[in-house]
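Each reported figure results from applying straightforward, stated rules to the coordinates on display, with no laboratory input. Please read these numbers as outputs of a predicted model, since none were measured by experiment. Note that each Cβ is placed from the backbone with ideal geometry, even for glycine, and that neighbours are counted across all protein chains shown.
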Amino acid sequence: MSKWADFVVSGIKKGPGLANISHVQIHEDFGSEFGKPDLIDKKTLASHIKKGKKYITIYKKNEIDWEPGEIVNAFIINGETHVRTDNNKVEGDHLGTLPEIES
């Protein structure tokens, strides 16, 4: 397996509101494998993206295989941070169909 990004996003934790994400579950992408899961808040994710780190979503195909998703983008509207896999600069987060994770 080749390296897809600096980090991959495998799950989300919802925040208040319908289209809000508070945290994401990430793993460092080592190329041959992914690191242990880590939970970071959305603002930290956005800060890393602004500093040039590449994040993509990933989806589990089966017990051992993952499939790459889309690149995660970050931007600010009305003082609020948003993360999306599309280029729509609208209020609300959207990272595809990632599963919700428990705290």
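Here are some notes:
- Counting only strands (runs of 3 or more DSSP E) that sit wholly inside the range 19-74, those with at least 1 residues that are in contact with a helix residue (DSSP H, G or I) (Cβ under 7 Å, 6 or more places away or on another chain) are 21-28, 55-60.
- Considering the range 77-91, and only residues there that are exposed (fewer than 15 other Cβ atoms within 10 Å of the Cβ) and in contact with a His (Cβ under 7 Å, 6 or more places away or on another chain), the residue that is nearest to Gly52 (Cα to Cα) turns out to be Asp86.
- Only residues that are closer than 16 Å to Ala5 by Cα, free of Cβ contacts under 8 Å to residues at least 24 places away in the same chain and among the charged types (D, E, K, R) were counted across the range 34-62, and they come to 3.
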